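Student: Dropping the structure in here first, questions after.
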Ligand SMILES: Cc1cc2nc3c(=O)[nH]c(=O)nc-3n(C[C@H](O)[C@H](O)[C@H](O)COP(=O)(O)OP(=O)(O)OC[C@H]3O[C@@H](n4cnc5c(N)ncnc54)[C@H](O)[C@@H]3O)c2cc1C
């Protein structure tokens, strides 16, 4: 559990003192004019900038506030974590998109399930800059993740993997991949899944970027052709992959949103600035919509806070993360839709987009398109609604009675 | 939440459940006073339980859950006001009001005007949405025009009560008319800047009380709705099996959780400093989100119940009517969203 025992194991700092420290550090260290520098650039320049920014954050101890005590930058209380994310958002520092999966998905999964050897090997490497991607989805296994078909066969001390993954964010830059594979034919299909850690430089791995509607290619396909993975790279037991994957998904759905909701709150200023710029700051209808959005964004921050509190105290219940994610994704869609509406016709003219910003960069058309990240990836809104209805409200599951006509 | 508050809250839920939904006002009021619920937010040094605003809101939530027909919000606002006045007169008033003497407070911004005529402050106009005013000894009046907060005895000449039956049968609202009623100096709670601060503090608490009532009512109604869908069968299956209905319930649950989190977040942010810069906006956001959530949840709940939801025996309509009224109480209802935008635009 992330953050467990944090209060007792590291000395706690007065959050307001920490705030001053973080603020001063950010003033000194956030790359000047990074937005301009990251607008209209290619992926490679962006990747270089991300590596540099990540290294600086690590050095200062601000890259891993959500990690438990005993790890560099970890062991922070709820209040401290909030202060760091608030200040990072306030300073409009670049977001660590390239390290997103490494810092959250990979780290949280390994903290919970990894053997001491796996933790000792992979977690320090994350801090040193290893990039991870997530290889769960397949062309025929999206929402129905458990139906995935990429096969791993145990031969001696290694698994041999064949199959295809898709939509894997940043796969083209990743050093390692969280790979969910089928090792057995058991029913229900969840029982036959196993969780592996794949070295992306292994023989038989190839990645093809996918062109996205924004003109970017943030995700890609991964083809796996007789790829060998040593058995010590298995997380959990064989057949336990589904349970391990739930940790990955919970971190993606809940924990990442502590930072993103703070970013969203700070980005409200972009809408206000846009209203001024477009000369409609006095428009009563728009003010009403903005006020409604403010309350929803505040609620998103409050939900993420409560989620983190529950997680730290070990009270997280099934569905809690889904609620945070669903509220965030719906609020984000409303946010960018309002931005797009106010930006008017000029907002329809094609403009270069900025890499490494929050979900609200002020290029409203691109922000609008990218907001689907949060309504589709990590389990779509509809899937979150199923989880909330079934696991929190106790409503029955869909009957499995359909047969092809 | 403190352990004490947690226990208080649990026992309140238990007691109210036993009493039943929307139980009669007199018996519920007796319970409220006997069990000391009016003391929850009163500071310990004044003989209260010292649970502050969060404590009060925990009770508003529970009373909202039970659709309680008591003027608890109105009473506790007045109690809070007398807790904030100068030490000289405070103890006596606190003692009287927490023992069950009821001083009522309007639940909406009213139009009464205090003015100085011939060297004396007099009151004229109407205070509206005053709960159970016929049971009260005094009314708490905040006059922004004259910058004063005062208690006015309801048996004073020139004060007249009009009962205004509402669709919400769990509350009894009155208009209180004032025709040149002289304000007594001994009953004056605050003047000028003190009065402005007190008015603000009262508005903040009223917003939070309405938000809490809404969160409580919405929570209870969602549970009932899901239970109903689990038991009602159509097409040879429980309605709860239909995904179209499951997803609507999940959305309602998410909206409820968000409003509740925002209420708790606002309470944390405000703490004991009702005069802190962000306090008003935090309370407005909580009130706006919770009351609009309650109204739309209640609207959906009735639809999800089908025909039975339109019958008077079924409690669905009680929640709906209370929710619709909550939305109209507090500040002028259409000011919340623009005010939140202003707070943002002004804070830049
Ligand atoms: C930007 C982005 C980044 C991503 N990054 C990664 C990544 O790094 N790694 C990774 O493994 N995957 C990633 N994904 C994949 C993502 O997890 C899937 O896209 C997602 O799970 C949905 O699957 P699908 O696209 O196959 O849609 P489908 O499952 O085909 O769904 C299509 C539509 O049907 C709805 N639907 C499906 N099932 C149900 C149901 N039971 N009830 C009601 N409605 C239903 C869906 O909500 C959706 O609206 C990413 C996706 C996006 C968009």
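The values are calculated or read from the model by the stated rules, or taken from the named source; none is laboratory data. Remember, predicted model here, so these are calculated numbers, not experimental data. Here the Cβ positions follow ideal geometry from the backbone for every residue, glycine too, while neighbour counts run over all protein chains shown.
Student: Which ones in the range A:205-216 are closer than 25 Å to residue A:367 by Cβ and either free of Cβ contacts under 8 Å to residues at least 24 places away in the same chain or within 11 Å of the ligand (Cβ to nearest atom) (or both)? Working first, answer last.
Tutor: First, the residues of the range A:205-216 that are closer than 25 Å to residue A:367 by Cβ: A:209-216.
Residues satisfying the conditions are A:210, A:211, A:212, A:213, A:214, A:216.
Student: So residue A:130 passes all but one of these: (1) in a loop (DSSP other than H, G, I, E, B); (2) under 24 Å from residue A:300 (Cβ atoms). Which condition number does it fail?
Tutor: Checking residue A:130 against (1) in a loop (DSSP other than H, G, I, E, B); (2) under 24 Å from residue A:300 (Cβ atoms), the one that fails is (2).
Student: Condition (residue is away from chain B (no Cβ under 13 Å), under 19 Å from residue A:245 (Cα atoms) and surrounded by fewer than 21 Cβ atoms within 10 Å (Cβ to Cβ)) applied to the range A:388-395: is it met by at least one residue?
Tutor: No, the range A:388-395 has no match at all.
Student: Answer yes if at least one residue in the range B:301-315 is within 14 Å of chain A (Cβ to nearest Cβ) and farther than 22 Å from residue B:51 by Cα, and no otherwise. Give the steps one after another, and end with the answer.
Tutor: Residues of the range B:301-315 within 14 Å of chain A (Cβ to nearest Cβ): B:301, B:304.
Adding the requirement that they be farther than 22 Å from residue B:51 by Cα leaves B:301, B:304.
Among the residues of the range B:301-315, at least one is within 14 Å of chain A (Cβ to nearest Cβ) and farther than 22 Å from residue B:51 by Cα, which makes the answer yes.
Here's the yes/no breakdown for (1) part of a loop (DSSP other than H, G, I, E, B); (2) more than 14 Å from the ligand (Cβ to nearest atom):
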site	(1), (2)
A:356	yes, yes
A:362	yes, yes
A:390	no, no
A:399	yes, no
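Student: Between a residue in the range B:8-25 that is on the phi > 0 side of the Ramachandran plot and any residue that is surrounded by 13 or more Cβ atoms within 10 Å (Cβ to Cβ) and part of a helix (DSSP H, G or I), which pairs come within a Cβ distance under 6 Å, given they are 6 or more apart or on different chains?
Tutor: B:22/B:318
Student: Residue under question is residue B:165, and the condition is that it be crowded, with 19+ Cβ neighbours inside 10 Å, in a loop (DSSP other than H, G, I, E, B) and at pLDDT 95 or above; does it hold? Steps first, answer last, please.
Tutor: On the way: crowded, with 19+ Cβ neighbours inside 10 Å: no; in a loop (DSSP other than H, G, I, E, B): yes; at pLDDT 95 or above: yes.
Spelling it out, it is not the case that residue B:165 is crowded, with 19+ Cβ neighbours inside 10 Å, in a loop (DSSP other than H, G, I, E, B) and at pLDDT 95 or above.
Student: All but one of (1) touching a residue at least 40 places away in the same chain (Cβ under 8 Å); (2) closer than 24 Å to residue A:121 by Cβ; (3) surrounded by fewer than 20 Cβ atoms within 10 Å (Cβ to Cβ) hold for residue A:171; which doesn't?
Tutor: Every condition holds for residue A:171 apart from (3).
Student: Further question on the same structure: Does residue B:255 count as part of a helix (DSSP H, G or I), within 12 Å of another protein chain (Cβ to nearest Cβ) and in contact with a strand residue (DSSP E or B) (Cβ under 7 Å, 6 or more places away or on another chain)? Working first, answer last.
Tutor: Values: part of a helix (DSSP H, G or I): yes; within 12 Å of another protein chain (Cβ to nearest Cβ): yes; in contact with a strand residue (DSSP E or B) (Cβ under 7 Å, 6 or more places away or on another chain): no.
The answer is no for residue B:255.
Student: Condition first: surrounded by 24 or more Cβ atoms within 10 Å (Cβ to Cβ) and in a loop (DSSP other than H, G, I, E, B). Now tell me which residues in the range A:75-104 satisfy that.
Tutor: Within the range A:75-104, A:76, A:94 meet the criteria.
Student: Quick check on my filter: what residues within the range B:170-181 are surrounded by 15 or more Cβ atoms within 10 Å (Cβ to Cβ) and more than 12 Å from residue B:132 (Cα to Cα)? Please lay out each step first, then the result.
Tutor: So the first thing to find is which residues in the range B:170-181 are surrounded by 15 or more Cβ atoms within 10 Å (Cβ to Cβ), and the list is B:170-178, B:181.
Those that are surrounded by 15 or more Cβ atoms within 10 Å (Cβ to Cβ) and more than 12 Å from residue B:132 (Cα to Cα): B:177, B:178, B:181.
Student: Any residue at all in the range B:230-237 that is in contact with a strand residue (DSSP E or B) (Cβ under 8 Å, 6 or more places away or on another chain), under 26 Å from residue A:302 (Cα atoms) and more than 12 Å from chain A (Cβ to nearest Cβ)?
Tutor: Applying the first criterion (in contact with a strand residue (DSSP E or B) (Cβ under 8 Å, 6 or more places away or on another chain)) to the range B:230-237 yields B:230-232.
With the extra rule that they be under 26 Å from residue A:302 (Cα atoms), the set shrinks to none.
Within the range B:230-237 (the criterion being in contact with a strand residue (DSSP E or B) (Cβ under 8 Å, 6 or more places away or on another chain), under 26 Å from residue A:302 (Cα atoms) and more than 12 Å from chain A (Cβ to nearest Cβ)), the answer is no, since none of the residues qualifies.
Student: Right, here's the next one. All but one of (1) within 15 Å of the ligand (Cβ to nearest atom); (2) at negative phi hold for residue A:202; state the number of the condition that does not hold.
Tutor: Tallying (1) within 15 Å of the ligand (Cβ to nearest atom); (2) at negative phi, residue A:202 fails exactly one: (1).
Student: Consider the range A:271-296. How many of its residues are part of a helix (DSSP H, G or I), surrounded by fewer than 16 Cβ atoms within 10 Å (Cβ to Cβ) and more than 8 Å from every other protein chain (Cβ to nearest Cβ)?
Tutor: Step one: of the range A:271-296, the residues part of a helix (DSSP H, G or I) are A:271-277, A:284-296.
Then drop every residue that is not surrounded by fewer than 16 Cβ atoms within 10 Å (Cβ to Cβ), which leaves A:273, A:276-277, A:284-285.
Of the ones still in play, those that are also more than 8 Å from every other protein chain (Cβ to nearest Cβ) are A:276-277, A:285.
Residues that pass the stated criteria total 3.
Student: Residue check: is residue B:221 more than 10 Å from chain A (Cβ to nearest Cβ), buried (at least 20 other Cβ atoms within 10 Å of the Cβ) and under 30 Å from residue B:2 (Cα atoms)?
Tutor: Details: more than 10 Å from chain A (Cβ to nearest Cβ): yes; buried (at least 20 other Cβ atoms within 10 Å of the Cβ): yes; under 30 Å from residue B:2 (Cα atoms): yes.
Yes.
Student: Return yes or no: is residue B:292 within 15 Å of the chain's Cα centre (by Cα), without any contact (Cβ under 8 Å) to a residue 60 or more places away in the chain and either more than 22 Å from residue B:20 (Cα to Cα) or within 14 Å of another protein chain (Cβ to nearest Cβ) (or both)? Even if it seems obvious, please write down each step before you answer.
Tutor: Details: within 15 Å of the chain's Cα centre (by Cα): yes; without any contact (Cβ under 8 Å) to a residue 60 or more places away in the chain: yes; either more than 22 Å from residue B:20 (Cα to Cα) or within 14 Å of another protein chain (Cβ to nearest Cβ) (or both): yes.
Here the answer is yes, as residue B:292 does meet what is asked.
Student: For the range A:181-193, give me each residue that is in contact with a strand residue (DSSP E or B) (Cβ under 6 Å, 6 or more places away or on another chain) and either more than 15 Å from the ligand (Cβ to nearest atom) or touching a residue at least 60 places away in the same chain (Cβ under 8 Å) (or both).
Tutor: Passing the criteria: A:181, A:183, A:192.
Student: Related question: Do we find that residue A:178 is within 11 Å of the ligand (Cβ to nearest atom), touching a residue at least 24 places away in the same chain (Cβ under 8 Å) and surrounded by 24 or more Cβ atoms within 10 Å (Cβ to Cβ) in this structure? It would help to see each step written out before you state the result.
Tutor: Details: within 11 Å of the ligand (Cβ to nearest atom): yes; touching a residue at least 24 places away in the same chain (Cβ under 8 Å): yes; surrounded by 24 or more Cβ atoms within 10 Å (Cβ to Cβ): yes.
Against the criterion (within 11 Å of the ligand (Cβ to nearest atom), touching a residue at least 24 places away in the same chain (Cβ under 8 Å) and surrounded by 24 or more Cβ atoms within 10 Å (Cβ to Cβ)), residue A:178 qualifies.
Student: Scan the range A:142-156 residue by residue and report those that are within 7 Å of the ligand (Cβ to nearest atom) and more than 14 Å from chain B (Cβ to nearest Cβ).
Tutor: Initially, the range A:142-156 is screened for residues within 7 Å of the ligand (Cβ to nearest atom), giving A:142-145.
Once the filter is applied, which keeps residues that are within 7 Å of the ligand (Cβ to nearest atom) and more than 14 Å from chain B (Cβ to nearest Cβ), the range A:142-156 yields A:142, A:144, A:145.
Student: Among the candidates A:331, A:375, A:354, single out the residue that is touching a helix residue (DSSP H, G or I) at 6+ places or on another chain (Cβ under 6 Å), within 10 Å of another protein chain (Cβ to nearest Cβ) and either buried (at least 19 other Cβ atoms within 10 Å of the Cβ) or within 19 Å of residue A:142 (Cα to Cα) (or both). Step through it out loud before you land on a result.
Tutor: Working: A:375 fails: within 10 Å of another protein chain (Cβ to nearest Cβ); A:354 fails: within 10 Å of another protein chain (Cβ to nearest Cβ).
Exactly one of A:331, A:375, A:354 is touching a helix residue (DSSP H, G or I) at 6+ places or on another chain (Cβ under 6 Å), within 10 Å of another protein chain (Cβ to nearest Cβ) and either buried (at least 19 other Cβ atoms within 10 Å of the Cβ) or within 19 Å of residue A:142 (Cα to Cα) (or both), namely A:331.
Student: Further question on the same structure: What is the number of the single condition among (1) crowded, with 17+ Cβ neighbours inside 10 Å; (2) within 14 Å of chain B (Cβ to nearest Cβ) that residue A:399 does not meet?
Tutor: Among (1) crowded, with 17+ Cβ neighbours inside 10 Å; (2) within 14 Å of chain B (Cβ to nearest Cβ), the lone unmet condition for residue A:399 is (1).
Student: Regarding residue A:117, is this residue more than 16 Å from the ligand (Cβ to nearest atom), in a helix (DSSP H, G or I) and in the same structural domain as residue A:15 (by TED's automatic domain parsing)? Spell out how you get there, then give the answer.
Tutor: Numbers: more than 16 Å from the ligand (Cβ to nearest atom): yes; in a helix (DSSP H, G or I): yes; in the same structural domain as residue A:15 (by TED's automatic domain parsing): no.
When the stated conditions are applied, residue A:117 does not pass them.
Student: Which of the residues spanning the range A:369-388 are within 8 Å of the ligand (Cβ to nearest atom) and outside any helix (DSSP H, G or I)?
Tutor: A:377, A:378, A:379, A:380, listed by residue number.
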